[in-house]
Amino acid sequence: MLRIWRRWRTWQKIAVSCCLLILIGSCTAVLIIGMTLKRAADSMYEALPERKELLRSTIEPLETDQVNPVHNRKSNRSTSVPVMEPVAVDSQPDVGKSEPFTMLLMGVDERAHDSGRSDSLIMVAVNPKQGSAVIVHIPRDTRTELADLNKLDKINHAYAYGGTAMTVATVEQLFEIPIHYYIKTNMEGFKAVIDELGGIEVHNQIPFETDGHRFAVGNIELSGEQSLAYVRMRKQDPKGDFGRMDRQSLVLRALAQRAASTDGVVRLGAIIDVLQQHTRTNLAFEDWISLAAKHASSINQIEKTTLTGASERIAGIYYWKVSKKERLRIHNLLRNNLEPNLDK
């Protein structure tokens, strides 16, 4: 090898040396990025308590005989199948093997001298092998039984009483579907990430003013603070909380696009620092890698829906009242995606 090297001309030696330096530099960069992501994932990790049984409402369970009618979308018939298994150590799905899983996305509004509320709740059921996902938006004022308390209240109050664990358990109880994973971020983190990305752009549908900010109709640029005011407003929106959820979706979509841009990649380190401070999840590092490498681009069938109901005032407090039939509709949507053989 040394003899061959001596026979090469100067320009050949320079070219090979440059290639080796680039290769070594690239490998080093990949290693550093990988170690940084691993540390970030470890710092954000927060496990959920193991559940011995699937939570069912003590006030109004979906079915008292421990079976739920699951609708077959192809035959337009319903069949009775046993309730799903609770989440336990040996029943947690293997994301790396493309097993179906559920996830609860939580946007928590935590302010000074306040334990906070989970004002944004999105339930997701993903079936990687089918390339499908069901996304359910849950209104913050949904009236339901809070897990472990056996009392009816707004679903976003579960976080104030029992944090992430009670919120997850309450949503499980509402739909009688186990939740395998969760991702929780607070509004300060949401604001900081947008600022690190240099802001986002959304197409606003209605003009309004709130918290000292004015939002015109059309394409508008939003800073982190403006984005927070934009997604918090609901009283001026004709659609109320549903309009608020629409704006949340707009901002999240714009945020994802911005993060995937060149600017987002360049600022990856700063964004990771923000996420470490403001985000918690029970996704391990290996799960993040599987989601990004295997599933992010493979999900091409997405069904979105919102938990429907009717507004009602009880003792002067506004609630979003949901029927048992509607809870069962969501149960069926989620379960049919988790177990597609039920459609055959």
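Can you tell me which residues in the range 99-144 are modelled with pLDDT of 85 or more, among the small types (Gly, Ala, Ser) and surrounded by fewer than 19 Cβ atoms within 10 Å (Cβ to Cβ)?
Across the range 99-144, the qualifying residue is only GLY131.
Among the residues of the range 130-160, which ones are under 30 Å from SER98 (Cβ atoms) and not hydrophobic (A, V, I, L, M, F, W, C)?
Passing the criteria: GLN130, GLY131, SER132, HIS137.
Counting only residues that are assigned to a loop (DSSP other than H, G, I, E, B), farther than 16 Å from ASP246 by Cβ and open to solvent by 90 Å² or more (accessible area, probe 1.4 Å), how many does the range 193-215 have?
Number of matching residues: 1.
Report yes if GLY218 is out of contact with any helix residue (DSSP H, G or I) (no Cβ under 8 Å at 6 or more places or on another chain) and either within 21 Å of ILE138 (Cα to Cα) or open to solvent by 50 Å² or more (accessible area, probe 1.4 Å) (or both), otherwise no.
no
Name every residue in the range 237-271 that is in a loop (DSSP other than H, G, I, E, B), loosely packed, with under 15 Cβ neighbours inside 10 Å and at pLDDT 80 or above, in order of residue number.
Once the filter is applied, which keeps residues that are in a loop (DSSP other than H, G, I, E, B), loosely packed, with under 15 Cβ neighbours inside 10 Å and at pLDDT 80 or above, the range 237-271 yields PRO238, LYS239.
Looking for something surrounded by 19 or more Cβ atoms within 10 Å (Cβ to Cβ), on the phi > 0 side of the Ramachandran plot, within 20 Å of the chain's Cα centre (by Cα) and touching a residue at least 40 places away in the same chain (Cβ under 8 Å) - is there at least one such residue anywhere in the range 156-170?
The answer is no; no qualifying residue exists.
Tally the residues that are at pLDDT below 90 and in a helix (DSSP H, G or I), restricting the search to the range 161-192.
Count: 6.
Is it the case that the range 328-342 has a residue that's of a type in the set (D, E, K, R), under 22 Å from the mean Cα position of the chain (by Cα) and either modelled with pLDDT of 90 or more or assigned to a helix (DSSP H, G or I) (or both)?
Yes.
The values are calculated or read from the model by the stated rules, or taken from the named source; none is laboratory data. Predicted, not measured: the structure shown is a model, and the values here were computed from it. Every residue, glycine as well, gets a Cβ built from its backbone with ideal geometry; the counts of neighbours run over all protein chains shown. Side chains included, ligands, DNA and RNA excluded: accessible areas come from the protein's heavy atoms. Shrake-Rupley method; radii C 1.70, N 1.55, O 1.52, S 1.80 Å.
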